Every structure is written in structure tokens, then in C-alpha cells.
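Below is one structure, written out as C-alpha cells; comments come after it.
The values are calculated or read from the model by the stated rules, or taken from the named source; none is laboratory data. Computed from a prediction, not measured in an experiment: that's the story for all the values here. Heads up, the Cβs are rebuilt from the backbone with ideal geometry, glycines too, and the neighbour counts pull from every protein chain shown.
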Amino acid sequence: MSGKRKFRILIADDEAALRSLLCEILAEDHVQLEEAVDGLEALAKLQSGPFDLMFLDIKMPRRDGLGVLEEIRSRGDLRSPGMPRVVVITAFGDFDIALEAMRLGAYEYVNKPFDIAEIKALADKVESLRELEEEADVVRATLSEEKLGERIVGRSEKMLEIIKTIGRIADSPVTVLLTGESGTGKELVARTLHRASQRGGKLFLPVNCAAIPETLLESELFGYEKGAFTGAQARTLGKFEAAQGGTLLLDEIGDMSLALQAKLLRVLQDHTFMRVGGKESIKVDVRVIAATNQDIEGMVKEGRFREDLYYRLNVLTLAIPPLRSRREDIHDLTLYFLAKYARDYGKPVQGISKEALQRLWSHPWPGNVRELENAVARAVAQSTGTILLPEEFELTVPEKEEEVEPNPVIVPLSVATAQLEQRLIRDALHASGGNQSQAARLLQISRQTLATKMKEYGIQ
């Protein structure tokens, strides 16, 4: 462990032998160790000044460990700066105690007899976390409530072009087709288009065509008359009537049946429809936005989607790019989700380490923005401090069957190695904002080695 100031550790346990063992394990020049023989003495010690780490026994005289935890918690969130990270340590391996300790804000829970390497690793991790919390160059999320509202986040040229297009077409009645992989944010783009239009004060209604059975989707869209089918006991309005004057998003339009596609075509052409079981045409003024992650053109060629409906929907197409093709947006999206879920979950998380941000930047994100949002939300929910660390992100890449190229291009290994080194160096410099010392740490090489390789590859 290393650091400029004393790293203060409090060991609270009624067993003198265990306190001595912990002191022996944790003793270093920059570490200040203090001991408490029971719960009341531990609380008194905590009053004397801030501690960075506390090892706390559960079974102690005068005040047990859970009582001490409750008292500390009453003074503030145990994950906030200035509060000790508490490691509960006990010989009684009771799951109920472990659950209650973690609920109260304990940093970790270990059983006696403990592993010496585990104790040292915990202390090192807490010290690293404290150093990160004190660093000025940690990437911090400082977003106002106004900026945490539902909005498109990013700085990439691809998303800027989408924003520009939305501005140009917002007030026109043109039908829009949104394409893109699952999780890219098609519904958010549709909502943004609706809010920017003159229809923004009216309803925006999304309908997931894939989530509603075919037999019910027609009634969902167009409504039905009393007696139209068994169970239709009263006239019910559909989404088209409910969205009068507003916007209707037909998500996963590729899953709509051919029969229903024909009825949708009529609405787009004539702005009229009939309820299920009805006899009169109903006039509507609704802007339709369709969205899909499927290849509609291919479906048209295969006869699975009506060509005339495709051309009606495809007056203007917005292709939402996958996250892996606009990696420069990962930084802003991460901080946005971090601030949002820290607020929603009542967590004191304020930022993310640059190493963690680099890990997110390097991930392929097959689930796109939705996957990134879920990863950040999960990390915030399970966080034990104010800074998110790399190990707090559970990222997995689905396995794919290996595809063999018919005529693979073979390059010398030295050339491939050089190309990979150049890419990794550029990625590390990008993640560290050009800070070469930080980039070297990310690459786990010396600053001098990085400088030599940058000169060799002509990287400025």
C-alpha cells in the first residue's frame, strides 16, 4: 500500500490475539493502526477523528458489531467520503448477520479463520479507493436535474446528424422509419422527434407490435365496437383514436402480419380506419413513426412485408448507429446514467475511475445503449463507495461460432503485433485525455516505454 497521508485503520475485537494478528498483517510505515476492545470503545475512537478502514467483530461486549454499524450509519452513509469502510469479521458464519451487515452499509464480510492474503487485499483495495476519491482527475458526473431528463446524450458526428435531421423534419407530417439494432435508442429518437414537433403537447403512444399477439394487435390499434367479439362488452378506443393530434410509434413493425399491414396502409393513405366490428370510417390526424431492427427491404423481397406499405413508411429513414460505431458517446452516456441512477437509488456515487471508463470504452456492447445503461445501473446499485471501479462492471460478450474466411489474408506476425500496439496506445491515450503517464498505467508499461513506442509509431 502507498499514499501521502496516514492510512488510518481501526480494529475492533474483544480477542487480543486477533487484534495482534491483524496489526501484524496490516502494519506499514504509512498506516496508523488503532484498537478497540468493545463496541463502546470503537464508537469513542471513531469520534476522535476519521478512519479509512475498520475491522469490526460482531460478538463484542457492551455493544455488538451490528449495534456499532447502526450507530455509525446514523451519522451518515457508510459509502460517503470521510466515513470508514467497515469490514465485518466474525467466527459465526450466519447468513442473516451477513445480510443485515451489508444492508447497514458494511463494505465486506469475512469469516474467521480468515485468509491473510484476503485481509491485505481488502486493505489495499480500500486505500486505492480512498486515493481515487481524493484525486482531482477522476471523471466525475456533475449533471443538473435539468440535464438528467429524458434526452439524447452524446457528442458523435453520427448522433449530431440525427439531431439535425430531427430539427429539419419535426414540424412536417412526414412518416419516419427508424432502423437500427436492438437497444440503440430508437424509441428515444421517436420521443425526441415528437417533443420537437408542433404535436409535442399531445400524446406520444408507443406500441410494440412484437409484444402483442396478432389476434389482439388490430383491436389495440383500431379499437372495437360492443359485441365485435366474445367479451367485447363496450366500445373501446384504440391507439389511433387515443393519439389524435399526437404521435404513434409502431415499434417492431416487421412483426406485423400481412393482413394487418393492409389495414395500416389504408390509415397512412386516407387517414381513416374502422374499429373492429364497426361500419363507419373514422378520420384521424396522427403522425406515424415506425421502428424496426429487421431488414425490411429483405422482407419485402421475400414477400413477408408489403412493398406498398414499406414505401409509405420509408418516406424518410433515420438509421440509428450501434454504440460500437460511436464510441466517443460512451463517456457522456456513462456519466449521464451514473448521475441518474445515483439519484434514483440514493447512492453517493460521484464518478468513475479512468480505468473503469477505459474498460467500458473497449467493450463491444452487443446490446448497445440499453446494455450500457444496465451495466452502469447495476454497478451503481452494488457500489460500496463514491467512485466506480473496473471490477464493479460485469461485462460479458456472447460467444459466436468461429467464422473461417474462404481466403484469409495472412500478414507477418510482427506487422500484426505492431498494428495492435498502435491501436492500444491510441485507445489508452484517448481514454486518458492525452495524459501519457495515465496511459502508461492503463497499458501497464513504463512511461519511458510508452514514449519510445509513440516515437516509433509516429503517434503525437
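Details
- Number of positions in the stretch 195-229 that are of a type in the set (Asp, Glu) and in a loop (DSSP other than H, G, I, E, B): 1
- Test: VAL288 is more than 25 Å from THR184 (Cβ to Cβ) and either surrounded by 15 or more Cβ atoms within 10 Å (Cβ to Cβ) or within 36 Å of the chain's Cα centre (by Cα) (or both): no
- Given (1) buried (at least 19 other Cβ atoms within 10 Å of the Cβ); (2) out of contact with any strand residue (DSSP E or B) (no Cβ under 6 Å at 6 or more places or on another chain); (3) more than 30 Å from LEU160 (Cβ to Cβ), index of the condition VAL300 fails: (1)
- Total residues in the stretch 199-231, condition crowded, with 16+ Cβ neighbours inside 10 Å, of a type in the set (A, V, I, L, M, F, W, C) and farther than 20 Å from ALA262 by Cβ: 2
- Answer from LEU78, LEU43 - the residue that is without any contact (Cβ under 8 Å) to a residue 60 or more places away in the chain, in a loop (DSSP other than H, G, I, E, B), surrounded by 16 or more Cβ atoms within 10 Å (Cβ to Cβ) and not basic (Lys, Arg): LEU78
Condition check ((1) aliphatic (A, V, I, L, M); (2) touching a residue at least 60 places away in the same chain (Cβ under 8 Å); (3) touching a Gly at 6+ places or on another chain (Cβ under 9 Å); (4) in the same structural domain as ARG199 (by TED's automatic domain parsing)) across all residues:
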| site | (1), (2), (3), (4) |
| --- | --- |
| GLY227 | no, no, yes, yes |
| GLU252 | no, no, no, yes |
| LEU265 | yes, no, no, yes |
| ASP270 | no, no, no, yes |
| PHE305 | no, no, yes, yes |
| LEU309 | yes, no, no, yes |
| LEU313 | yes, yes, no, yes |
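- Filter pass, ILE320 being under 13 Å from the mean Cα position of the chain (by Cα), modelled with pLDDT of 90 or more and either among the aliphatic types (A, V, I, L, M) or surrounded by fewer than 21 Cβ atoms within 10 Å (Cβ to Cβ) (or both): no
- Those residues of the stretch 412-460 which are at pLDDT below 75, small (Gly, Ala, Ser) and surrounded by fewer than 11 Cβ atoms within 10 Å (Cβ to Cβ), in sequence order: SER414, GLY458
- Among residues of the stretch 42-56, those that are farther than 13 Å from VAL86 by Cα and within 36 Å of the chain's Cα centre (by Cα), counted: 0
- Enumeration of residues in the stretch 6-24 that are within 20 Å of LYS120 (Cβ to Cβ) and surrounded by fewer than 14 Cβ atoms within 10 Å (Cβ to Cβ): LYS6, ALA17, SER20, GLU24
- Scope the stretch 19-64; condition touching a Leu at 6+ places or on another chain (Cβ under 7 Å), among the small types (Gly, Ala, Ser) and under 24 Å from THR386 (Cβ atoms); matching residues: ALA42
One line per residue, one yes/no per condition, for (1) free of Cβ contacts under 8 Å to residues at least 12 places away in the same chain; (2) crowded, with 17+ Cβ neighbours inside 10 Å:
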{"site": "LYS59", "(1), (2)": "no, no"}
{"site": "VAL68", "(1), (2)": "no, yes"}
{"site": "PHE95", "(1), (2)": "yes, no"}
{"site": "MET102", "(1), (2)": "yes, no"}
{"site": "ALA117", "(1), (2)": "yes, no"}
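- Every listed requirement among (1) farther than 30 Å from ARG312 by Cα; (2) within 24 Å of the chain's Cα centre (by Cα) is met by LEU178 save one, (1).
- Tallying residues that are surrounded by 17 or more Cβ atoms within 10 Å (Cβ to Cβ) and assigned to a helix (DSSP H, G or I) within the stretch 149-168 yields 3.
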